[in-house]
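Some notes on the structure that comes next.
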């Protein structure tokens, strides 16, 4: 039961990040902030899923690595490899100087948000 509770706590925090991303996007806030919250939401949902499945928590932010941990548990996670490549980059790009201007488009961010919601729905279905 402790794993389930901890997983739910991670996913609850992820839910808040997803809500923040939606709010910021609807209110025309800086797209890099929306991108950051999308990445954070998925990181927390994936960690919640993995913890639920017995994974030992690691301090990582790379969604691709988290996904690589999830795929052996459930092959359906393979469907999210391509979208998570870009979303993983949001963490560093939106938080640290990268030496070039960030040029996210609203379409790109909306698409990422849509992919995030799809993955979140799948995870929530698996952790009931």
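Coordinate-derived values only; no laboratory data. A quick note: this is a predicted structure, and the numbers were derived from the prediction, not measured. Cβ: placed from backbone, ideal geometry, glycine included. Neighbour counts: every protein chain shown.
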How many residues of segment 32-59 are under 30 Å from residue 103 (Cβ atoms), buried (at least 20 other Cβ atoms within 10 Å of the Cβ) and in contact (Cβ under 8 Å) with a residue 24 or more places away in the chain? The answer is 13
So, first residue on the phi < 0 side of the Ramachandran plot and touching a residue at least 40 places away in the same chain (Cβ under 8 Å) in segment 8-22, second residue surrounded by 16 or more Cβ atoms within 10 Å (Cβ to Cβ) and outside any helix (DSSP H, G or I), Cβ within less than 9 Å, six or more apart or across chains; the pairs are 8/127; 11/127
Given the conditions (1) without any contact (Cβ under 8 Å) to a residue 60 or more places away in the chain; (2) in a helix (DSSP H, G or I); (3) surrounded by 13 or more Cβ atoms within 10 Å (Cβ to Cβ), every one holds for residue 121 apart from (3)
